[in-house]
1. So what's the gap between the Cα centers of region 180-221 and region 1-37, to the nearest angstrom?
2. Using the number of other C-beta atoms within 10 angstrom as an exposure proxy, rank 235, 83 with the fewest first.
3. Return the percentage of antiparallel bridges among DSSP beta bridges fully within the chain, rounded to the nearest 5 %.
4. Write down Rg/Rh for the chain, rounded to two decimals, with Rg from the C-alpha atoms and Rh from the Kirkwood relation over Cα pairs.
5. Order these by the 10 Å Cβ neighbour count, fewest first: 104, 85, 37.
6. What does the helix-only formula give at 222 nm for the chain: each DSSP H stretch with n ≥ 4 adding -39500 (n - 2.57), the total divided by the residues, and the result rounded to the nearest 500 deg cm²/dmol?
7. Whole-Hz ³J(HN,Hα) for each residue in region 277-285, computed from phi via Karplus 6.51 cos²θ - 1.76 cosθ + 1.60 with θ = phi - 60°, x for glycine and proline: what do you get?
8. Under 22 Å between C-alpha atoms is the cut-off here; go through region 77-208 and count lysine pairs that meet it, provided they're at least eight residues apart or on different chains.
Amino acid sequence: MRKLNWAILGPGTIAAEFAAALEQINGEVYAVGSRNLERAREFAAKFKVQNVYGDYDEMIGDENIDIVYIATPHNNHYEYIMKCLAHNKHVLCEKAITVNGAQLEEIVDLARSKNLVVEEAMTIYHMPLYKKLRQLVDEGKIGKIKMIQVNFGSLKEYDVTNRFFSPDLAGGALLDIGTYALSFTRYFMTSQPDEILTTVKKFETGVDEQSGIILNNADDEMAVVSLTMRAKQPKQGIVAGELGYITVTNFPRGDMATITYPDGRVETITAGQTAQALVYEIEDIQNQIANQEKSKTLELSVDVMAIMDEVRNQWGLKYSFE
Ligand SMILES: NC(=O)c1ccc[n+]([C@@H]2O[C@H](COP(=O)([O-])OP(=O)(O)OC[C@H]3O[C@@H](n4cnc5c(N)ncnc54)[C@H](OP(=O)(O)O)[C@@H]3O)[C@@H](O)[C@H]2O)c1
């Protein structure tokens, strides 16, 4: 299959890291689009970008683009994914892929009907470590899963104009860092939780500052998730089974885990490299397109979005545009 023409929509912080990963794999980036032509030009000058657009819609209309990487704030992912699909482009979209389940459902339906690939750029789903851990869990290495525990704390300087705190840009801890914690949880849970308990403290802007979330499913598995935007916590995920527990530190881009057994023995598992996290996302989606495979992880994104809908429902949190 010929090399895909990638376009980057929204040349911000993560987009720069992504462009470097694309350059590493494909040698170049076909296009970049910004709301401002000068910003797009600056970005293009830093990376090997062939085409520059000062308007997102104009870029999406470029017939030579095969796939678009969307790296704008959460609130407009849905709009741009739908536009890309309408123009027959595959999409890799930053987390959180949408702000709610209804939006994601529409996207899944349209992508299926057009035989296009949509994936969430959720690092956990693409890191080699998680593929290896999944295999070990499936082989019974830690026995039946009983308890999952995930912490994510990020100390963001309080600035109400920043996307992290803005209800207009779907800010708050849940969509920004909770997506990682819940994706980790859902990746290891055998089935979707059917009981959700949660408590929250909100910022004065109305979005969530910190929360605790407890999940239960019909497979007798429980998860406890703790999130905060105003304190560092170790980014740690633990999956405890009847025969041992897995610990992944810096879990969003983890490349090393330990398994601790009841007798105190500790085994180290390594796979992939943290620094290559975005490269794995690109490789996975390119392989999926080349082999015309069904997404293995979009269903997980759908489940995580459903959990986040219920959590926000219990908090009474709606974003300003919902
Ligand atoms: N996977 C990861 O490790 C990771 C890490 C960080 C962030 N993310 C995700 O990536 C996305 C972008 O995050 P980021 O930290 O890169 O954000 P950022 O630095 O603020 O960049 C976002 C870009 O989106 C564009 N944009 C479009 N509409 C906007 C609006 N209304 N307000 C502000 N910017 C707007 C801007 O580009 P123009 O103005 O030039 O058009 C801006 O450069 C988020 O969904 C975030 O959750 C993922």
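1. Result: 33 Å between the Cα centres.
2. Neighbour counts put them in this order, fewest first: 83, 235.
3. Antiparallel bridges make up about 60 percent of those DSSP assigns within the chain.
4. 0.96
5. Neighbour counts put them in this order, fewest first: 37, 85, 104.
6. Roughly -10500 deg cm²/dmol at 222 nm, from the helical runs in the chain.
7. Working through the residues one at a time gives 3, 6, 4, 5, 4, 5, 4, 4, 6 Hz.
8. The result is 14.
Each value in this text was obtained by applying a stated rule to the coordinates, not by laboratory testing. Computed from a prediction, not measured in an experiment: that's the story for all the values here. When we count neighbours, we look across all protein chains shown, and the Cβ atoms used for this are built from the backbone with ideal geometry, even at glycine.
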